[in-house]
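In what follows, a structure is listed as structure tokens, so that the remarks can point back to it.
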Amino acid sequence: GENVEQHPSTLSVQEGDSAVIKCTYSDSASNYFPWYKQELGKGPQLIIDIRSNVGEKKDQRIAVTLNKTAKHFSLHITETQPEDSAVYFCAATSTYGGSNYKLTFGKGTLLTVNP
Amino acid sequence: NAGVMQNPRHLVRRRGQEARLRCSPMKGHSHVYWYRQLPEEGLKFMVYLQKENIIDESGMPKERFSAEFPKEGPSILRIQQVVRGDSAAYFCASSPGQGDTQYFGPGTRLTVL
């Protein structure tokens with residue numbers, strides 16, 4: 001089955017700096033890669049996603065890049081703000097066996113933005 | 001436009017009791033997924049249901065766990081004879097179709113004493 005590795009597990013940045021979180025996946029059949037933000041005591045909230053026919057996607061301060069050959073994808077947050085502090089999860093789904101609904105998550109990155 | 005609703009938000013049970021977790025999908029969504037999150041871990045897929053059908057329960061323990069999504073009413077995740085290892089946050093997600101973006105609810109945090 002799919003395996004997703006996420007790094008780093010914790011990340012501390014100063015307000016205004018950029019933050020980058022990286023994930024690798026094992027299944028070359030994976031074709032959908034969402035990123036979720038989870039605040040304490042809340043459910044995961046989708047912040048951006050990318051499909052395998054696209055190499056990069058941007059939404060204001062957030063961007064995701066995908067390298068299918070190397071099987072890794074990254075989340076980039078620019079001009080970080082204290083309210084960006086949360087746990088961020090990457091995930092992947094595979095088309096193998098028709099299971100294009102089964103999200104496999106990384107273990108998360110705790111991002112702290114210091115004022 | 002209400003999102004995915006889950007209740008209760010917190011549930012405390014003693015070992016051996018039953019836990020029932022409820023999930024109401026977003027309006028217009030007929031696909032429901034349950035995930036479990038252990039402390040400091042990512043979410044793990046448990047089961048995928050459509051109205052009245054279990055599509056994939058490969059991530060759900062064979063014993064004590066069951067799920068349903070009836071024609072009317074919320075989806076239910078049922079854990080019988082709970083043990084301490086069942087303590088976790090259980091999240092429900094929904095989507096309009098298979099393979100579509102999944103939107104998560106706030107979760108139910110189960111504590112087994």
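The values are calculated or read from the model by the stated rules, or taken from the named source; none is laboratory data. This is a predicted model, so every value here is computed, not measured. Note: ideal-geometry Cβ built from the backbone for every residue, glycine included; neighbour counts use all protein chains shown. Just so you know, the surface numbers come from the protein's heavy atoms only, side chains and all, with ligands and any DNA or RNA stripped out. Shrake-Rupley method; radii C 1.70, N 1.55, O 1.52, S 1.80 Å.
Any idea how many residues of region B:31-47 are surrounded by 17 or more Cβ atoms within 10 Å (Cβ to Cβ) and either farther than 22 Å from A:Ala91 by Cβ or touching a residue at least 24 places away in the same chain (Cβ under 8 Å) (or both)?
Result for region B:31-47: 10.
Of the residues A:Val54, A:Val4, which is β-branched (Val, Ile, Thr) and away from chain B (no Cβ under 11 Å)?
A:Val54
Report, ordered by the first and then the second residue, all pairs with beta carbons closer than 8 Å, sequence separation of six or more or different chains, a first member in region B:1-15 that is free of Cβ contacts under 8 Å to residues at least 40 places away in the same chain, and a second member that is surrounded by fewer than 15 Cβ atoms within 10 Å (Cβ to Cβ).
What qualifies is B:Asn1/B:Lys27; B:Ala2/B:Lys27.
Name the residues in region A:75-115 that are in contact with a Lys or Arg (Cβ under 7 Å, 6 or more places away or on another chain), open to solvent by less than 30 Å² (accessible area, probe 1.4 Å) and within 25 Å of A:Val13 (Cα to Cα), would you?
Those that are in contact with a Lys or Arg (Cβ under 7 Å, 6 or more places away or on another chain), open to solvent by less than 30 Å² (accessible area, probe 1.4 Å) and within 25 Å of A:Val13 (Cα to Cα): A:Ile77, A:Ala86, A:Tyr88.
Quick check: anything in region A:84-96 over 13 Å from the mean Cα position of the chain (by Cα), within 14 Å of chain B (Cβ to nearest Cβ) and either at pLDDT 95 or above or assigned to a loop (DSSP other than H, G, I, E, B) (or both)?
Taking every residue of region A:84-96 in turn, at least one turns out to be over 13 Å from the mean Cα position of the chain (by Cα), within 14 Å of chain B (Cβ to nearest Cβ) and either at pLDDT 95 or above or assigned to a loop (DSSP other than H, G, I, E, B) (or both).
Taking region B:1-60, which residues are within 21 Å of B:Glu72 (Cβ to Cβ), at the interface with another protein chain (Cβ under 10 Å from one of its Cβ atoms) and of a type in the set (Gly, Ala, Ser)?
B:Gly3
Determine which single condition B:Leu113 fails, assuming it passes every other condition in (1) open to solvent by 10 Å² or more (accessible area, probe 1.4 Å); (2) within 11 Å of chain A (Cβ to nearest Cβ); (3) in contact (Cβ under 8 Å) with a residue 40 or more places away in the chain; (4) hydrophobic (A, V, I, L, M, F, W, C).
(2)
If I go through region A:52-74 residue by residue, how many of them are outside any loop (DSSP other than H, G, I, E, B) and open to solvent by 90 Å² or more (accessible area, probe 1.4 Å)?
2
Applying the selection to region B:12-30, what residues are open to solvent by less than 40 Å² (accessible area, probe 1.4 Å) and touching a Pro at 6+ places or on another chain (Cβ under 7 Å)?
B:Cys23, B:His29
Within region A:37-74, can you find the residues that are in contact with a Lys or Arg (Cβ under 9 Å, 6 or more places away or on another chain) and closer than 25 Å to B:Glu40 by Cβ?
Result: A:Gly41, A:Pro44, A:Gln45, A:Leu46, A:Ile47, A:Ile48, A:Asp49, A:Val64, A:His72, A:Phe73, A:Ser74.
Give the residues of region A:18-36 that are touching an Asp or Glu at 6+ places or on another chain (Cβ under 8 Å) and surrounded by 13 or more Cβ atoms within 10 Å (Cβ to Cβ), sorted by residue number.
A:Ala19, A:Cys23, A:Thr24, A:Tyr25, A:Ser26, A:Asp27, A:Ser30, A:Tyr32, A:Phe33, A:Pro34, A:Trp35 - these are the residues of region A:18-36 that are touching an Asp or Glu at 6+ places or on another chain (Cβ under 8 Å) and surrounded by 13 or more Cβ atoms within 10 Å (Cβ to Cβ).
Would you pick out the residues in region B:80-110 that are within 12 Å of chain A (Cβ to nearest Cβ), more than 13 Å from A:Tyr101 (Cα to Cα) and aliphatic (A, V, I, L, M)?
B:Ala89
Could you please find all residues in region B:1-36 being farther than 14 Å from B:Gln102 by Cα and modelled with pLDDT under 95?
Once the filter is applied, which keeps residues that are farther than 14 Å from B:Gln102 by Cα and modelled with pLDDT under 95, region B:1-36 yields B:Asn1, B:Ala2.
Name the residues in region B:85-110 that are of a type in the set (S, T, N, Q), surrounded by 19 or more Cβ atoms within 10 Å (Cβ to Cβ) and closer than 15 Å to A:Lys37 by Cβ, would you?
B:Gln102
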